[in-house]
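Only one structure is covered here, and it is reproduced in the block below.
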Amino acid sequence: MSKQIKQLGEDIWKTKVDKVNSELFTLTYGSIVAQLCRDFNYNYEEVNAQTFRMGYNIGVRLIDEFLQKTQLPRCSNFRDMAEVVSKVGFKIFLNIVPTVTNWSADVSTFSLVLTENPLADFVELPDDGKATKELWYSNILCGVLRGALEMVQLDCEIAFVSDVLRGDETTEMRVRLVQVLKDEIPAGDQ
Amino acid sequence: MAIYSFWIYDRHCNCIYSREYGTSASETVKASSRSTPKRLSSAHFSNNPMENAPSATISSHSTLNSSVSTLSGQRKTSSSSNNPKIQELIQKGSVNTQNNNNMSKLLFGTLFSLKKIAVSLCTPPAETAQEEEFYVSNLNNFNKLRSFQTLNYKCHFYETINGLRFVVVTDPNARDLQTSLVDIYQHIYMDNVVRNPLMPVEFREGEVISNDRFVLAIDDYWSSIPEFVN
């Protein structure tokens, strides 16, 4: 199963995806974050919230693209979902394959360790003593994942727990499944 | 005329697009007085699917041209064919007028219940609580509703994993049109709604897809398949 998924991700990346220059992408995102920092007067909490929201709005649309390109059926458990997110999702949109690891005992929480992060190339956080503690530079990724998973009825909490930009050893996203959303029922018609 | 209406529901159960294609008689009259002419029509169509096929390819190219010119505001008819009959059927129909009426709600309710039945018929036993949570979420793989059929109608259904439902109501003799619904999602809906920054993907109550390009592309698509005209 896992191997097939990996193959699928690679095939789609090779054949079906429109690509842009990665430096253009990195620099564009960098300038967005830099601008946000200035706009919000270096209130990094707010910057995190804004990039998350931008990501969320991307995610709710990106899921359609994902489903169209992959034609995957619904995952039958959270473990499969984690594999698909890392080996297909991240692969086809960012050409990276984060490592899925650190499963909690009840299989409701796992970590995605980003061994490379195209968003963070050439990046240095501002040297004001605050940014390295408060700013999650790639927070947009959490938003994207959150938005996309919510559309397939997986209500997840997603946040960064470490980032090499802050001097940590790894860049790690923590994903926790809160609940599987139920099918909505039409409003009563009295 | 073998395609009667086309509907899209979003994941909040609202009808975000409805399209009815024209008929000479009203719904009720049609339902009660039709059996004989119907047979003839379907026999006719099955004889010449090939003749109609070329128009399909032409129409997909002309979509772009025709939709660019709609910026001026007037409703243009689809350019897919010069067949006056097709034009008439498209003209006579209505777009987004039925979204919130009883018909739309009943149709949704029927599909919703049938889907529930289909799923509950064969959901395997879950071993863990989490598995169970995954299984009872509505869109699992174990069984899927594809279509249902009555004496005078056939209703084709396609649901995406993110909760969009595409429905088309046709003549009972129509072939399985689920692939067409998939096509509409993957090309027309993707290109004109998801990739269109001016369109929402989360629709508020009462909000519908009124995008001219989308309306035209849908009309082009349906009128280009052989079932459209008898």
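Residues A:THR51, A:THR99, ranked from the fewest to the most other C-beta atoms within 10 Å, line up as A:THR99, A:THR51. Provide the FRET efficiency to the nearest 0.05 for the B:GLN186-B:MET103 pair, computing r from the beta carbons and using R0 = 35 Å. Efficiency for this residue pair is about 0.80.
I'd like the trypsin sites (Lys or Arg not before Pro) in region A:140-190 restricted to DSSP loop residues with at most 11 other Cβ atoms within 10 Å, sorted by number.
Numbers: sites: A:ARG146, A:ARG166, A:ARG174, A:ARG176, A:LYS182; in loops: A:LYS182.
Those satisfying the criteria are A:LYS182.
Mind running the shape call on region B:158-207? Use the C-alpha gyration tensor, a ≥ b ≥ c as the square roots of the eigenvalues: rounded below 1.5 for a/c, prolate if a/b tops b/c, oblate otherwise. Prolate. Seen from A:THR132, the other residues with C-beta closer than 13 Å to its C-beta sum to a net charge of -3, counting Lys and Arg as +1 and Asp and Glu as -1.
Taking a cut-off of 25 Å, what percent of all Cα-Cα pairs in region A:2-180 are separated by more than that?
Numbers: 5010 of 15931 pairs.
Summing the P(r) of region A:2-180 above 25 Å gives 31 percent of all pairs.
Calculate, for A:SER104 and B:THR179, the FRET efficiency according to 1/(1 + (r/R0)^6) with r their C-beta to C-beta distance and R0 25 Å; round to the nearest 0.05.
Working: r = 41 Å, r/R0 = 1.65.
Computed FRET efficiency for A:SER104 and B:THR179 comes out at 0.05.
Among B:CYS122, B:CYS13, sorting on how many other beta-carbon atoms sit within 10 Å of each Cβ, with the fewest leading, yields B:CYS122, B:CYS13.
Spin-label model, A:LEU27 to B:ARG195: label points 7 Å out along the Cα-to-beta-carbon direction sit 2.6 nm apart.
When the pairs A:LYS3/A:LYS87; A:LYS14/A:LYS87; A:LYS69/B:LYS154; A:LYS14/A:LYS69; A:LYS69/A:LYS182; A:LYS91/A:LYS133 are compared against a 18 Å limit on Cα-Cα distance, A:LYS69/B:LYS154; A:LYS69/A:LYS182; A:LYS91/A:LYS133 fall above it.
Taking 19 Å as the cut-off, the amide N atoms of region A:6-37 that come nearer than this to a point 7 Å along the Cα-to-beta-carbon line of A:LEU72 belong to A:6-18. If a paramagnetic tag sat 7 Å from the Cα of A:VAL20 along the Cα-Cβ line, which residues of region A:62-97 would have the backbone N under 18 Å from that point? Residues A:62-66, A:90-96 qualify, since their backbone N sits under 18 Å from the label point. Projected label points at A:ASN57 and A:ASP183, each 7 Å from Cα along the beta carbon direction, are separated by 3.2 nanometres.
Positive end of the dipole of region A:2-180 (Cβ unit charges, origin at the Cα centre): among A:PHE160, A:GLY55, A:SER86, the Cα lying farthest that way belongs to A:SER86. Within the shell of other residues whose beta carbon sits under 11 angstrom from the beta carbon of B:ARG175, the net charge comes to -2, with Lys and Arg scored +1 and Asp and Glu -1.
List A:VAL47, B:VAL119 from most exposed to least, where exposure is judged by having the fewest other Cβ atoms within 10 Å.
Details: A:VAL47 25, B:VAL119 21.
Least crowded to most crowded, the residues run B:VAL119, A:VAL47.
Report, in deg cm²/dmol and to the nearest 500, the calculated mean residue ellipticity at 222 nm for chain A, where each DSSP H run with n ≥ 4 adds -39500 (n - 2.57) and the sum is divided by the residue count. -14500 deg cm²/dmol, from helical runs alone.
Modelled spin-label separation between B:TYR153 and A:VAL113, with each label point placed 7 Å from Cα along the Cα-to-Cβ direction: 5.7 nm.
Values in this text are rule-based calculations from the coordinates and carry no lab data. All of these numbers come straight from a predicted model, not from anything done at the bench. Positions of Cβ are backbone-derived with ideal geometry, glycine not excepted, and every protein chain shown enters the neighbour counts.
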